[in-house]
Amino acid sequence: MLLDRKKFSGFGDIDHDLIQSSEKELLHKCMVAEQSISDGDFSVDEALEAYGLSKEQYDSYVAKKSKSFIFLSLSGNKETYATIKTSFAVPHVIDIYIEMLDSSFDDQLHFILKDRIGRIKSELEGISSDVKKLKTKA
Amino acid sequence: MLHIITNEEIERIKALGFETTGSTVPFVEFLNEYFPGFRIGEYLAALENLLGSLTQVRITKELSFHESPPPMLIIQYYSGDCEDDQTGLAFSQAFTRHGNEIVAELDYLRIPESARKKGLSKKVLNLNLQQYEAMGVAKIKLEAALSNGGLVWAKAFFSATEPEEVKTILIKAENKLTAEQFKFVERVYDNYYNQNPDGKAFPMNKWSQLAGMDQILQGSRWHGELDLNNSDILTKFKNYVA
């Protein structure tokens, strides 16, 4: 005979099983903050205050998340460009990308890639400027 | 390739002690028609492996299926002493099909105290998740309840489907949090419902990390849903429960 499907509640001791390490907890907090900023709940500064994050913690999260994505194929790739403009269209985030371009390569690699890096920086600065203007207007 | 359920597979399920009840159509036909891709033999054998040795009391293993719309399959696995909070074992889950969409409803899991804090709940959840992906389940639904789930499912990216329940939690937060804490809670609430007046997907995860909200959510009850067709949410959920 079937038990009443409402007879009990809860899913074992899932609360215990899903206790996260402090590193994962921080990652989760950053993800949530990012979503809140993107959805317009908070400005970046407000989100940092609301979720008890330092600017360094949040910037580090954004940088880690975006590093491979941004350097692989931005320049000359219209699809990626559009993604950056829509999904990542937060000036603060784009400014982090620009900083990363200057700090993520050694001298030799920077020399080899200098033309491409230059193009990427110009594009990012353009997007950042466009988004800032749009936000000011809004 | 989509798994085709066979009569041999059904025989193996029966050999594990599962009984089928419900519709007059053959079970194998029912599954292939409404829940194709479900590796039910593999799933139930794994469930038996995880839960079967947790009690010496007789276990009832039931598969109830109904064609009447919406087609539904209920899986239950429970011990004779399931009512006992210390020794009882009980698991209930249902799948329903709405048009082309399959919904999984996680009713409950109760495990004996001696088996708690050993990662079993997470294993059962991951076992389910494997099948959800194989079957193309669109949504997981559950009732996040009290200390066990109110906070944990919020953190696991489930959204709240019932606005009244969200409102109740908001009021509780207003009464218990400081004004400084509550202003952020309210902002998330207002922003969502201003944009989605009849919204059925309030992002509880945004509340879960706000100061003071862990206590509020731990003592709350709300109906939640996870949209598995949203690849971003699915990835986050899998990372969270992995």
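The values are calculated or read from the model by the stated rules, or taken from the named source; none is laboratory data. What you see is a predicted model, and the numbers here were worked out from it, not measured in a lab. Here Cβ is always computed from backbone atoms with ideal geometry, including for glycine, and neighbour counts include all displayed protein chains.
Would it be correct to say that B:Glu83 is free of Cβ contacts under 8 Å to residues at least 12 places away in the same chain and assigned to a loop (DSSP other than H, G, I, E, B)? Answer is yes for this residue.
Residues that are more than 8 Å from chain B (Cβ to nearest Cβ), in contact with a Phe, Trp or Tyr (Cβ under 9 Å, 6 or more places away or on another chain), at pLDDT 70 or above and over 30 Å from B:Tyr108 (Cβ atoms) are absent from the stretch A:103-115 altogether. Of the residues making up the stretch A:1-45, those that are at the interface with another protein chain (Cβ under 8 Å from one of its Cβ atoms), among the acidic types (Asp, Glu) and under 17 Å from the mean Cα position of the chain (by Cα) are A:Asp39, A:Asp41. Annotation: B:Pro70 fulfils all but one of (1) within 28 Å of B:Pro112 (Cβ to Cβ); (2) free of Cβ contacts under 8 Å to residues at least 40 places away in the same chain; (3) within 22 Å of the chain's Cα centre (by Cα); (4) not in a strand (DSSP E or B); the unmet one is (1).
Inspect the stretch B:42-56 for any residue being touching a Phe, Trp or Tyr at 6+ places or on another chain (Cβ under 9 Å) and either within 8 Å of chain A (Cβ to nearest Cβ) or at pLDDT below 95 (or both) and give the result as yes or no. The answer is no, given that none of the residues of the stretch B:42-56 is touching a Phe, Trp or Tyr at 6+ places or on another chain (Cβ under 9 Å) and either within 8 Å of chain A (Cβ to nearest Cβ) or at pLDDT below 95 (or both). Only one of the numbered conditions (1) in contact with a Pro (Cβ under 6 Å, 6 or more places away or on another chain); (2) surrounded by 20 or more Cβ atoms within 10 Å (Cβ to Cβ) is violated by B:Gly150, and that is (1).
Being among the charged types (D, E, K, R) and either crowded, with 17+ Cβ neighbours inside 10 Å or outside any helix (DSSP H, G or I) (or both) is a property that B:Glu62 has.
Just a yes or no: is a residue in the stretch B:147-155 under 23 Å from A:His16 (Cβ atoms), within 8 Å of another protein chain (Cβ to nearest Cβ), assigned to a loop (DSSP other than H, G, I, E, B) and not basic (Lys, Arg)? For the stretch B:147-155, residues under 23 Å from A:His16 (Cβ atoms), within 8 Å of another protein chain (Cβ to nearest Cβ), assigned to a loop (DSSP other than H, G, I, E, B) and not basic (Lys, Arg): present.
Within the stretch B:224-242, track down each residue that is touching a residue at least 60 places away in the same chain (Cβ under 8 Å) and either among the hydroxyl-bearing types (Ser, Thr, Tyr) or part of a helix (DSSP H, G or I) (or both).
Looking only at the stretch B:224-242, we keep the residues that are touching a residue at least 60 places away in the same chain (Cβ under 8 Å), and these are B:224-229, B:233, B:236-238, B:240-242.
Listed by number, the residues that qualify are B:Ile233, B:Lys236, B:Phe237, B:Lys238, B:Tyr240, B:Val241.
Of B:Lys141, B:Lys117, all but one fail to be more than 7 Å from chain A (Cβ to nearest Cβ) and either part of a loop (DSSP other than H, G, I, E, B) or modelled with pLDDT of 95 or more (or both); the exception is B:Lys141.
Just name the residue that is surrounded by the most Cβ atoms within 10 Å (Cβ to Cβ) out of those in the stretch B:188-223 that are out of contact with any helix residue (DSSP H, G or I) (no Cβ under 8 Å at 6 or more places or on another chain) and in a helix (DSSP H, G or I). Break it down stepwise before answering.
First, the residues of the stretch B:188-223 that are out of contact with any helix residue (DSSP H, G or I) (no Cβ under 8 Å at 6 or more places or on another chain): B:190-192, B:194-197, B:201.
Now restrict to residues that are in a helix (DSSP H, G or I): B:190-192, B:194-195.
Numbers: B:Asp190: 12, B:Asn191: 16, B:Tyr192: 21, B:Asn194: 9, B:Gln195: 10.
Applying the filter and picking the extreme gives B:Tyr192.
Of the residues making up the stretch B:101-114, those that are assigned to a strand (DSSP E or B), of a type in the set (A, V, I, L, M, F, W, C) and within 7 Å of chain A (Cβ to nearest Cβ) are B:Leu106, B:Leu109.
Of all the listed residues (B:Gly37, B:Gly41, B:Gly88), the sole one being surrounded by 15 or more Cβ atoms within 10 Å (Cβ to Cβ), on the phi < 0 side of the Ramachandran plot, small (Gly, Ala, Ser) and part of a loop (DSSP other than H, G, I, E, B) is B:Gly88.
Of the residues making up the stretch B:181-214, those that are touching a residue at least 12 places away in the same chain (Cβ under 8 Å) and either over 21 Å from A:Met31 (Cα atoms) or among the hydroxyl-bearing types (Ser, Thr, Tyr) (or both) are B:Tyr189, B:Tyr193, B:Asp198, B:Gly199, B:Lys200, B:Ser208.
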